[in-house]
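Working notes for the structure below.
The values are calculated or read from the model by the stated rules, or taken from the named source; none is laboratory data. This is a predicted model, so every value here is computed, not measured. Virtual Cβ from ideal backbone geometry, glycine too; neighbours counted across all protein chains shown.
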Amino acid sequence: MSVLERAGLRDSAKVFGELQKQGWEHSQWDYCNIVQASADKVHVDTRFSRFRADGSLIGYYKSLYILTKEKGRWGIEFRSSYAE
């Protein structure tokens, strides 16, 4: 598990570079279902797919996102995913 204490701590070039080595070109949300919500927290059941440039599917991945509102701003507090 990785804990990122603030925005900007993840090296996006490293993350996306590794995906590109696998042939990844883009991703898309398949669904995002809110399963629980309050005024300052939302749990979202999701699935996204990764694709190659020719449109062929690399794979799809279920995830759970927990979004929270802190100091008037929404952000991702936690993500649990089956994606590599």
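Examine region 14-26 for a residue that is among the basic types (Lys, Arg), assigned to a strand (DSSP E or B) and either modelled with pLDDT under 95 or in contact with a Cys (Cβ under 7 Å, 6 or more places away or on another chain) (or both), and state whether such a residue exists.
No.
Being among the hydroxyl-bearing types (Ser, Thr, Tyr) and in contact (Cβ under 8 Å) with a residue 24 or more places away in the chain is the filter here, so list the residues in region 66-84 that pass it.
Within region 66-84, Thr68 is the sole residue that qualifies.
Among residues belonging to region 75-84 that are part of a loop (DSSP other than H, G, I, E, B) and surrounded by fewer than 12 Cβ atoms within 10 Å (Cβ to Cβ), point out the one that is modelled with the lowest pLDDT.
Restricting to residues being part of a loop (DSSP other than H, G, I, E, B) and surrounded by fewer than 12 Cβ atoms within 10 Å (Cβ to Cβ), the top hit is Glu84.
Among the residues of region 33-64, count how many are among the hydroxyl-bearing types (Ser, Thr, Tyr) and in contact (Cβ under 8 Å) with a residue 24 or more places away in the chain.
1
Here's the yes/no breakdown for (1) modelled with pLDDT of 95 or more; (2) surrounded by 14 or more Cβ atoms within 10 Å (Cβ to Cβ); (3) more than 12 Å from the chain's Cα centre (by Cα):
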| site | (1), (2), (3) |
| --- | --- |
| Gln28 | yes, no, no |
| Ile34 | yes, no, yes |
| Ala37 | yes, no, yes |
| Asp40 | yes, no, yes |
| His43 | yes, yes, yes |
| Phe51 | yes, yes, yes |
| Leu57 | yes, no, yes |
| Lys69 | yes, yes, yes |
| Arg73 | no, no, yes |
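Can you name the condition, by its number, that Gln36 falls short on among (1) assigned to a helix (DSSP H, G or I); (2) in contact with a His (Cβ under 8 Å, 6 or more places away or on another chain)?
Failing condition for Gln36: (1).
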